[in-house]
Amino acid sequence: MTTDTGLDADLGWALGTVFRTYVKAADAVISDLPGGPRGYQVLAAAVQDLPANQVAIARQLGIDRTVLTYLIDDLVRLGLVERRPDPADRRNRRVVATERGREVWSQVQARLRHVEEHVLAALGDDAPAFREMACRLAGALGRGDDPVAETCEAVEELRLRADPR
């Protein structure tokens, strides 16, 4: 049970604690993929045929396009994804999961579900509803442009607020 005072009532602290716990547990599951969590997200996007090309993937995942290029190169080297010409626009390349990539993603996905179950265990029967609401919220917040394009910009903004000199 939480109280209405102190950190227990602070959304930032709560989200940070849940996030850190999830990341620590998930890291072991995805550590074999290049780029760790980002590599997993790119592979998931390719498996699920989400964004069609590298620009769309970079935008959706919030990854710099040049970094994404190297990450995709690493996934290609492991035989997890391929770049294929987009039939609708041959100038674009679609990132498509290979059969091996689909198998790896499926295995990682199953292990990540166990991580989720562990992290959300304290919620009991409310865990599925929390997961659904968190995903819905992330989807709503993920649409459109990120108001803070770079972490450095956010840090600088906070520094200026604290000391405007």
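Across the stretch 82-123, which residue is nearest to Leu50 (Cα to Cα) among those that are hydrophobic (A, V, I, L, M, F, W, C), in a helix (DSSP H, G or I) and free of Cβ contacts under 8 Å to residues at least 60 places away in the same chain?
Ala110
When Leu50 is evaluated against the numbered criteria (1) closer than 27 Å to Leu141 by Cα; (2) aliphatic (A, V, I, L, M); (3) assigned to a helix (DSSP H, G or I), which criterion, by number, is the only one it fails?
Exception for Leu50: condition (3).
Please work out which residue is nearest to Tyr40 (Cα to Cα), limiting yourself to the stretch 87-101 and to residues that are surrounded by 14 or more Cβ atoms within 10 Å (Cβ to Cβ) and out of contact with any Phe, Trp or Tyr (no Cβ under 8 Å at 6 or more places or on another chain).
Gly101
Quick one: Gly79 ticks every box in (1) of a type outside the set (Asp, Glu); (2) free of Cβ contacts under 8 Å to residues at least 24 places away in the same chain; (3) under 19 Å from Leu33 (Cβ atoms); (4) surrounded by 15 or more Cβ atoms within 10 Å (Cβ to Cβ) except a single one, so which number is it?
Looking at each condition in turn, Gly79 falls short on (4).
Across the stretch 54-69, what is the total count of residues that are surrounded by fewer than 17 Cβ atoms within 10 Å (Cβ to Cβ) and under 23 Å from Gln109 (Cα atoms)?
Here the count works out to 4.
Read-outs throughout are calculated quantities, based only on the coordinates presented, and are distinct from any laboratory measurement. Because the structure is predicted, anything quoted here is derived from the model rather than measured. Cβ coordinates were reconstructed from backbone atoms using ideal geometry, including for glycine residues, and neighbour counts include every protein chain displayed.
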